[in-house]
Amino acid sequence: MSLSISLTINGQPRTIALDDPRVTLLDLLRERLDLTGTKKGCDRGQCGACTVLVDGRRINSCLSLVASLDGADVQTIEGLADGDALHPVQAAFIEADGFQCGYCTPGQIMSAVGLIKEGHASGDPERVRELMSGNICRCGAYQGITEAVLEAQKVMADKKGRNAA
Amino acid sequence: MSLDAPSTNARYGSNAGQPLTRRDGVLKVTGRATYAADNHPDGMLYAVTAVSRIARGRVTSLDVEATKAHPGVVEVMTPASRPPLAHDPDEKMPPFGFRIEVLQDSTVRYANQPIALVIAETLEAATEGAALLNPQYDADEPRTGIDDGLRFDPPAVGVGGPPKAAFGDVEAGLAKAAQVLERDYVTPAQYHNAMEPHAVVAEWDGDHVMLDMPNQALAMSCASYATYFGIPPENVTIRSPFLGGGFGSKAIINGPQILAILAARALKRPVKLVLSRAQMYGPVGHRGGTWQKLRIGLNNDGQLTALHHKSISATSSFDDFLEPAANASTHLYASPALLSEHEGIRLDTGTPGPMRAPGEASGSAALEVAIDEAADACGMDPLDFRLHNYAETEPGSGRPFSSKALRECYAEGAKRFGWAGRPLASRQMRDKNGFLVGWGMGTALFPCPHFPAEARATLRADGTALVETAGADMGQGAWTALAQIAAEALGLDPEQVELHSGISTLPDGGIAGGSGHTASAGLALNNAGKDAIAQLSELATNDPASPLFGAGNIGVEARAGRLYRRDDETRSESYAEILARAGRREIVGTAKASRDPAAAEAHAMFSHGAVFAEVKVDPDLGQIRVTRLVGAFAAGRIINPRLVESQYFGGMIWGVSFALHEEAIIDHRTGRIMNADLAEYHVPINADIPSLEAILIPENDPFVNAIGVKGVGEIGITGTVGAIANAIWHATGVRVRKFPVRLEDIIG
C-alpha cells in the first residue's frame, strides 16, 4: 500500500509516496527526507523540540500523521534563513545566547517565529515566557530565549514599519 | 552584567575575557548542527529496545515469532540469540565502568531494563515489532523504598571518592555545644532528561567501527567499547561533535548502545538506536535518592562546635554509585570537628550515576537548609552567620585555598539583591497582592577537578592556526572558549584559529564532566600553542636574516600574529614571514597536560558562590513562585563571560528544578516510575523562571592551573536549592526538609 501525499516543504512542492500510514511528520522529515534540523525529544508532544509551522501555525510534528497533512504547507528550521542571511529570530538567539546544547533550539526558534507571526507576544517578557513555555530547554537558556524573542520582535516590527513607510 | 565592560581578567593583547558569541551558533540556529541521530548511512536499519514492565524477577517468554512476522522486522535479539561479547558485562571496567544490562540472561533487575532488541527496515516497523513481543514475567516483590532495601557500608562513594571524612572529635564537640540541631533531609531520585535521548548510529567496516553518539568522554569510551567488542581501541572511532545535553548521563557506557553496535556487526549493516523518553528512566543513570541527617553543635557566639553529616544514598541491587552527598560539608564552613559519612542502600532501580553536581547538589541542599536553621536558632542573620563561620583554610585539613573570593561573592550578591534590612523572623513580608514574600540564601561550592588532556596546535604558512583536541560541545561553549584559550597562547585573533574537535581520532581532550573540560582541554591547548610558538621563536632567533636574530626564545613575545623582541618593540616579524623564509609549510606544537601535583597537594581548590532568592507564596493555596534569583560566583579566570553567565543561569535553573520540580515518583507496589515522561516529571519551563542575575566575581588563581581557569558548569545548582527552600521558610514559617518542596507541604 502506498499513499501519495502532496506537501510544500520550505517552499518546495513535494510528492511523497508514503509506504506506511504510521509515519509522523517528524519521522518523515528526519528519517525519509533528510531534514534533520527538527528534533525529537519526547515523541509525545510534551517538549516542543519538534515544533514546525504547518500552514503558518505552530505544531508538534511528532503528533501529526503525514497521512492527515495532504496539501499542507510545512516550514522547518532549514527553510528559515534566506541563504546566508539569518532570520531575525535566528540572529537574536545567537546574540542573546538563547541556547546551549542547541538541541531544543530549532523548536524554540520555530515557536518564536510562529508566535511573533500570530501577533500574540507583545513587548511583555512575562507574556513571552508564558507563550514560549511549550518548548522545554533543559540547559536552562530561558533568559536568553526570552530576550531573543523580544529583540527579534522589535527588529521585525521596525523592518515592517520601514517597509510600510 | 554588562558584556561591553572590559573584563578584569583580560590580559594585555588577549582575546580571553571577551564575550564572543558561540562559534557553533549559526549551525545550531539553522538546524545544521549534526547530532548523533541525524546520521543516516546507506542501508541503515532501525533498532528499538523492548523494556521490562516489572522491576524484579525474570522474563519467562517473549513472542519472537509474532515480532518476526511483522513486515519490515529483520531480527530480534534476546538473551537466547544475543551474540557474545568479549567482556563480561557483570564485570566492572575501571575507572568509570559500570555493570551493564545487555541481555546476558533473563533476569530483570529494574523496571525499564532492556529485555530484547528489535531491528527493522523502518522505525515504525521496529517500534511495532517491539510492542508485539508480549513478554511474560515471573515477578518478585520489588524493593524500592528506604525500608525495603539492603543497607551496606560502601567502600567508596561517587566515582571512587572516600565514603568518610573525619577531623576532630565530633561527639565531644556536640557535647560541649550550647545547643545541638539534629535534622533529617530527603532528596528524591532525579533523571538527567537531556533533551537529546541517548542514541547511536553504528557502522562496521571489518573489525573497525564508526560510532556516531553523544559522548562526554571520547578516549575513555573508545577503550571501553574496544574491550566489549574485542578489538583494539584504535579500531573504534566516535564522532560526537555535539551533545543535546549530557549532564553526566553521556559519559558512561550503557547497555542499549552496546546492543545496537552488536546488531550492526551481526547484520553487517549500519544500525541506529534512539531511546524513547520513557526508556531514559532506567539504563542510562540517574541521581540516586538520599536520606540525610545533619547534627550541628553551636556555641553561644553562634559558631559551629561540630558538624556531622550522614547520607544514606541509594544505588542499584547490582552495582554501586552512591551520591556522595555528605562530602558537601567537608570543605565549606569552619568547624573544629567534622564528620561526613555514607551508608548505601540497594534498591531495584537502574544504577545511578553522576548527574550535574553529583553529591554537591543533594548535599548542599541539606547543608544550606541546616545552616539556615542554625542561624535562626542563634537568632542571627543567615549571611552574618555564614560569615561568622567562614573557613579561612580548608576545614579539617587546614590547607590554604588556591583562591577563595567567597567574601566578595557574599558582599556583591547581597548588595545586588538588596539583602540588608531583611527581617530575621519569618512571615514578615507581603506584596501588594497579599502574597507571602520570603528571602533566603545559600553558599555555592564546587571542586575543580582536572583531567589529563592532549592537544595539537599547528601554525600554518599563512600565519593562521589549526588547533585540535577531541571533546564535544555539549552546550558549555567549548568550541568558543577553547579557541579563545588557544588563540591567546598562539598570539592570534580567535578568527585566525580554526578548532577541530568532536571526533576521537584527534588528541584526547579529556572528559567533558566535573566542570573540568575548559580547564583540562584548555590547558592542553594553551601548552600546545606555546610549544608551537617556542618552535617558531627558535627558528626566528637562530636565523641571521630575522630581525629577531639573537633574542633567544624567552626574548620574544607572540602577539597579533607577530613575534616581537621584548627589549625592542620595533623589531618584529610575522609568523608567515618566519615560516616562509625557513621554507616550512607548518609548525606543529603538541602537549599532554595535567595539573601540577605539588600545587594540588598543597591547596584546596574550589569555585565558590553565594545565591540569594526571593519567593512569593500564595497564603491560601501554598503555590510557590521564585520571583528573583541573584547568584555571585568566583571561579578563577573567566575566558568568555557571555558563556559563563549562561552556565551559571543553567545551574541556577537546575537549582530551581531541584527545589521545586524534579522527582521520579515510584509506585512501590510495582517498582515502576509513574512519571517517566516530560509532562509529569517536572522540569522548569520558561514561565517558571524569573529574571536571573549572575555576577562574575573576579578571581586570580595562580595555583589551579597555568591558565587560571576553574569550572562553572555545576556550581550554580549548589546554594540555589537551599536559598529557595530558606526563602520559602522565611515567607511562610514552614521549614520543609524534603525535596522538591510542594504546595501541600506549605498548607498541610
#### Entry: Counted residues, segment A:1-13 - those being more than 15 Å from A:V52 (Cβ to Cβ) and loosely packed, with under 15 Cβ neighbours inside 10 Å
6
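Scanning for something touching a Pro at 6+ places or on another chain (Cβ under 7 Å), aliphatic (A, V, I, L, M) and either part of a helix (DSSP H, G or I) or surrounded by fewer than 20 Cβ atoms within 10 Å (Cβ to Cβ) (or both), does segment A:14-35 turn up at least one residue? Show your work before the answer.
Kept after step one, since they are touching a Pro at 6+ places or on another chain (Cβ under 7 Å), are these residues of segment A:14-35: none.
No; the residues of segment A:14-35 include none that is touching a Pro at 6+ places or on another chain (Cβ under 7 Å), aliphatic (A, V, I, L, M) and either part of a helix (DSSP H, G or I) or surrounded by fewer than 20 Cβ atoms within 10 Å (Cβ to Cβ) (or both).
Here are some residues: B:I715, B:I665, B:I673, B:I695. Which one is surrounded by fewer than 24 Cβ atoms within 10 Å (Cβ to Cβ), out of contact with any Pro (no Cβ under 9 Å at 6 or more places or on another chain) and of a type in the set (A, V, I, L, M, F, W, C)? Before the answer, list the steps.
Numbers: B:I715 fails: surrounded by fewer than 24 Cβ atoms within 10 Å (Cβ to Cβ); B:I665 fails: out of contact with any Pro (no Cβ under 9 Å at 6 or more places or on another chain); B:I673 fails: surrounded by fewer than 24 Cβ atoms within 10 Å (Cβ to Cβ).
Of B:I715, B:I665, B:I673, B:I695, the one residue that is surrounded by fewer than 24 Cβ atoms within 10 Å (Cβ to Cβ), out of contact with any Pro (no Cβ under 9 Å at 6 or more places or on another chain) and of a type in the set (A, V, I, L, M, F, W, C) is B:I695.
Given the structure, is B:K310 under 29 Å from B:D508 (Cα atoms) and touching a His at 6+ places or on another chain (Cβ under 8 Å)? It would help to see each step written out before you state the result.
Numbers: under 29 Å from B:D508 (Cα atoms): no; touching a His at 6+ places or on another chain (Cβ under 8 Å): yes.
No, not satisfied.
How many residues are of a type in the set (A, V, I, L, M, F, W, C) and within 29 Å of the chain's Cα centre (by Cα) when one looks only at segment B:109-133?
Quick first cut of segment B:109-133, residues of a type in the set (A, V, I, L, M, F, W, C) only: B:111, B:115-120, B:123, B:125-126, B:130-133.
If we keep only those that are within 29 Å of the chain's Cα centre (by Cα) too, we end up with B:111.
Within segment B:109-133, residues that are of a type in the set (A, V, I, L, M, F, W, C) and within 29 Å of the chain's Cα centre (by Cα) number 1.
Tell me, please, whether a residue that is assigned to a loop (DSSP other than H, G, I, E, B) and under 14 Å from B:A125 (Cα atoms) can be found in segment B:74-95. Break it down stepwise before answering.
Our first condition is that a residue be assigned to a loop (DSSP other than H, G, I, E, B); within segment B:74-95, this holds for B:78-95.
Filter once more, so that each one left must be under 14 Å from B:A125 (Cα atoms): none.
No, segment B:74-95 has no match at all.
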### Query
Only one of (1) surrounded by fewer than 16 Cβ atoms within 10 Å (Cβ to Cβ); (2) within 7 Å of chain B (Cβ to nearest Cβ) is not met by A:A157, so which one is it?
(2)
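Please give the strands (runs of 3 or more DSSP E) falling wholly within segment B:132-210 in which 1 or more residues are of a type in the set (K, R) and not assigned by TED's automatic domain parsing to the domain that holds B:V236.
Values: elements: B:136-139, B:150-152, B:164-167, B:179-187, B:199-205.
Correct list: B:150-152, B:164-167, B:179-187.
Residues are listed down the side, and each one gets a yes or a no for (1) over 21 Å from B:G514 (Cα atoms); (2) more than 14 Å from chain A (Cβ to nearest Cβ); (3) in contact with a Gly (Cβ under 6 Å, 6 or more places away or on another chain):
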{"residue": "B:A251", "(1), (2), (3)": "no, yes, yes"}
{"residue": "B:L275", "(1), (2), (3)": "yes, no, no"}
{"residue": "B:G288", "(1), (2), (3)": "no, yes, no"}
{"residue": "B:N300", "(1), (2), (3)": "yes, yes, no"}
### Query
Pick from segment B:654-687 the residues that are more than 10 Å from every other protein chain (Cβ to nearest Cβ) and among the charged types (D, E, K, R): which of them is nearest to B:G25 (Cα to Cα)?
B:E662
### Summary
When segment B:430-486 is checked residue by residue, the ones that are among the β-branched types (V, I, T) and within 14 Å of another protein chain (Cβ to nearest Cβ) are B:T480
### Query
What is the number of the single condition among (1) more than 11 Å from every other protein chain (Cβ to nearest Cβ); (2) in contact with a Phe, Trp or Tyr (Cβ under 6 Å, 6 or more places away or on another chain); (3) of a type in the set (S, T, Y) that A:S122 does not meet?
(2)
### Summary
Residue hits (segment A:63-94; closer than 21 Å to B:N686 by Cα and touching a Leu at 6+ places or on another chain (Cβ under 7 Å)) are A:Q90
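Every residue, every condition in (1) out of contact with any helix residue (DSSP H, G or I) (no Cβ under 8 Å at 6 or more places or on another chain); (2) surrounded by fewer than 24 Cβ atoms within 10 Å (Cβ to Cβ); (3) under 30 Å from B:E341 (Cα atoms), yes or no:
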{"site": "B:R269", "(1), (2), (3)": "yes, yes, no"}
{"site": "B:V274", "(1), (2), (3)": "no, yes, no"}
{"site": "B:N300", "(1), (2), (3)": "yes, yes, yes"}
{"site": "B:T305", "(1), (2), (3)": "no, yes, yes"}
{"site": "B:S317", "(1), (2), (3)": "yes, yes, yes"}
### Query
What single numbered condition from (1) more than 30 Å from B:R422 (Cα to Cα); (2) out of contact with any strand residue (DSSP E or B) (no Cβ under 8 Å at 6 or more places or on another chain) fails to hold for B:K432?
(1)
### Query
What pairs come up if the first residue lies in segment B:363-382 and is farther than 13 Å from B:Y185 by Cα, the second is of a type in the set (D, E, K, R) and part of a helix (DSSP H, G or I), and their beta carbons are under 6 Å apart, counting only those six or more places apart or on different chains?
B:P382/B:D372
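Give segment B:644-653 a look and list any residue that's more than 7 Å from every other protein chain (Cβ to nearest Cβ) and surrounded by 24 or more Cβ atoms within 10 Å (Cβ to Cβ), or say none.
If we filter segment B:644-653 for residues that are more than 7 Å from every other protein chain (Cβ to nearest Cβ), which is where we start, we get B:644-645, B:647-648, B:651-652.
Correct list: B:E645, B:Q647, B:Y648, B:G651, B:M652.
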### Query
Among the residues of segment B:642-700, how many are over 23 Å from A:A49 (Cα atoms), assigned to a loop (DSSP other than H, G, I, E, B) and in contact with a helix residue (DSSP H, G or I) (Cβ under 6 Å, 6 or more places away or on another chain)?
1
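Condition check: buried (at least 22 other Cβ atoms within 10 Å of the Cβ), in contact with a strand residue (DSSP E or B) (Cβ under 8 Å, 6 or more places away or on another chain) and on the phi < 0 side of the Ramachandran plot. Does B:I728 satisfy that?
Details: buried (at least 22 other Cβ atoms within 10 Å of the Cβ): yes; in contact with a strand residue (DSSP E or B) (Cβ under 8 Å, 6 or more places away or on another chain): yes; on the phi < 0 side of the Ramachandran plot: yes.
Taking the combined requirement at face value, the residue satisfies it.
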### Task
Output the qualifying pairs, or none if there are none: Cβ atoms under 6 angstrom, residues six or more apart or on different chains, first residue in segment B:81-94 and of a type in the set (S, T, N, Q), second residue surrounded by 11 or more Cβ atoms within 10 Å (Cβ to Cβ) and part of a loop (DSSP other than H, G, I, E, B).
none
#### Entry: Scope segment B:429-467; condition of a type in the set (G, A, S), touching a helix residue (DSSP H, G or I) at 6+ places or on another chain (Cβ under 9 Å) and in a loop (DSSP other than H, G, I, E, B); matching residues
B:A461, B:G463
## Note on the structure
Going through segment A:45-72 in order, the residues found to be assigned to a helix (DSSP H, G or I) and either among the aliphatic types (A, V, I, L, M) or more than 27 Å from B:A194 (Cβ to Cβ) (or both) are A:L63, A:V66, A:A67, A:S68
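Are any of the residues in segment A:93-109 without any contact (Cβ under 8 Å) to a residue 40 or more places away in the chain, under 13 Å from the mean Cα position of the chain (by Cα) and within 11 Å of chain B (Cβ to nearest Cβ)? So that I can check it myself, show each step before the final result.
Of all residues in segment A:93-109, those without any contact (Cβ under 8 Å) to a residue 40 or more places away in the chain come to A:94, A:101-102, A:105, A:109.
Filter again for under 13 Å from the mean Cα position of the chain (by Cα), leaving A:105, A:109.
Next cut, within 11 Å of chain B (Cβ to nearest Cβ) only: A:105, A:109.
There is at least one residue in segment A:93-109 that is without any contact (Cβ under 8 Å) to a residue 40 or more places away in the chain, under 13 Å from the mean Cα position of the chain (by Cα) and within 11 Å of chain B (Cβ to nearest Cβ).
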### Task
Those residues that are within 7 Å of chain B (Cβ to nearest Cβ), under 18 Å from B:K272 (Cβ atoms) and in contact (Cβ under 8 Å) with a residue 24 or more places away in the chain, I need them from segment A:40-54; list them, please.
A:G41, A:A49
## Note on the structure
Within segment B:259-283, residues of a type in the set (G, A, S) and in a helix (DSSP H, G or I) come out as B:A260, B:A263, B:A264, B:A266, B:A278
### Message
Among the residues in segment B:227-241, are any in contact with a helix residue (DSSP H, G or I) (Cβ under 9 Å, 6 or more places away or on another chain), closer than 25 Å to B:R287 by Cα and within 14 Å of chain A (Cβ to nearest Cβ)?
### Response
yes
### Query
Can you find a residue in segment A:73-83 that is within 11 Å of chain B (Cβ to nearest Cβ), outside any strand (DSSP E or B) and under 13 Å from A:D27 (Cβ atoms)?
no
### Message
Name the single residue that is nearest to B:L459 (Cα to Cα) among those in segment B:528-560 being in contact with a Lys or Arg (Cβ under 9 Å, 6 or more places away or on another chain) and in a strand (DSSP E or B).
### Response
B:A558
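The values are calculated or read from the model by the stated rules, or taken from the named source; none is laboratory data. Predicted model, so just to flag it, every value in this text is computed and none were measured. Counting neighbours? That spans all protein chains shown, and the Cβs are built from the backbone with ideal geometry, glycine included.
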